[in-house]
1. List pairs: first in the range 44-62 and within 23 Å of Arg12 (Cβ to Cβ), second modelled with pLDDT of 70 or more and not basic (Lys, Arg), Cβ under 7 Å, 6+ apart or cross-chain?
2. Would you please list the contacts, defined by Cβ atoms under 9 Å and residues six or more apart or on different chains, that run from a residue in the range 99-125 that is aromatic (Phe, Trp, Tyr) to a residue that is part of a helix (DSSP H, G or I)?
3. For residues that are among the small types (Gly, Ala, Ser) and over 19 Å from Gly122 (Cα atoms), scanning just the range 55-82, find the one that is surrounded by the most Cβ atoms within 10 Å (Cβ to Cβ).
4. So, restricting to helices (runs of 4 or more DSSP H) that lie completely within the range 7-76, which ones have at least 1 residues that are at pLDDT below 70?
5. So Lys112 ticks every box in (1) of a type in the set (Lys, Arg); (2) touching a helix residue (DSSP H, G or I) at 6+ places or on another chain (Cβ under 8 Å); (3) surrounded by fewer than 11 Cβ atoms within 10 Å (Cβ to Cβ); (4) in a helix (DSSP H, G or I) but one. Which box is left unticked?
6. Val107 is checked against (1) out of contact with any helix residue (DSSP H, G or I) (no Cβ under 6 Å at 6 or more places or on another chain); (2) part of a helix (DSSP H, G or I) and fails just one. What number does that condition carry?
7. Somewhere in the range 83-95, is a residue loosely packed, with under 10 Cβ neighbours inside 10 Å, of a type outside the set (Phe, Trp, Tyr), farther than 20 Å from Lys13 by Cα and more than 19 Å from the chain's Cα centre (by Cα)?
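The values are calculated or read from the model by the stated rules, or taken from the named source; none is laboratory data. None of these values were measured; they are calculated from a predicted model. Ideal geometry is used to build each Cβ from the backbone, glycine not excepted, and the neighbour counts take in all protein chains shown.
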Amino acid sequence: MTSIQKRPMIPRKKIQAYLAKVEVAVLDQNTRKEVTRTINKAYSGFVHGASPHIMDMYGGNPPLFHTNGMLGTPRMEEHSEDIWNVAYRSYLSHIAVSKALRAEKHVEILNKHLIRFEQNAGMRK
């Protein structure tokens, strides 16, 4: 509270717009922007504790908050089906950083790996 450092906050819309400009997907820029926004909003609720996400952890008999994981619940299957998304977003993030650093050789290598990843995930032919 007594810090004299005032860091400017970059609006999420600007971050999402920047990420949508990264040409690593087969989607047009507007679709990439909307996908980025949607994913951000979905995961943000889990990270920042939005009420619907918190209530997802409530249940059972007797009802309680599952704070030590949710083994054996429908969430396990949902998250196991979505794990590829973590790797995919990691590729996109690394490519964005490499482009920002003008590390073109890294961008080229990462793009090759990303294309293979997309092919294996059935996202690309």
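1. Pairs that qualify, where the first residue is within 23 Å of Arg12 (Cβ to Cβ) and the partner is modelled with pLDDT of 70 or more and not basic (Lys, Arg), are Gly45/Pro52; Gly45/His53; Phe46/His53.
2. Phe117/Trp84; Phe117/Ala87; Phe117/Tyr88; Phe117/Tyr91
3. Of everything passing the filter in the range 55-82, Gly59 is surrounded by the most Cβ atoms within 10 Å (Cβ to Cβ).
4. 12-21, 29-48
5. Among (1) of a type in the set (Lys, Arg); (2) touching a helix residue (DSSP H, G or I) at 6+ places or on another chain (Cβ under 8 Å); (3) surrounded by fewer than 11 Cβ atoms within 10 Å (Cβ to Cβ); (4) in a helix (DSSP H, G or I), Lys112 violates only (2).
6. (1)
7. No; the residues of the range 83-95 include none that is loosely packed, with under 10 Cβ neighbours inside 10 Å, of a type outside the set (Phe, Trp, Tyr), farther than 20 Å from Lys13 by Cα and more than 19 Å from the chain's Cα centre (by Cα).
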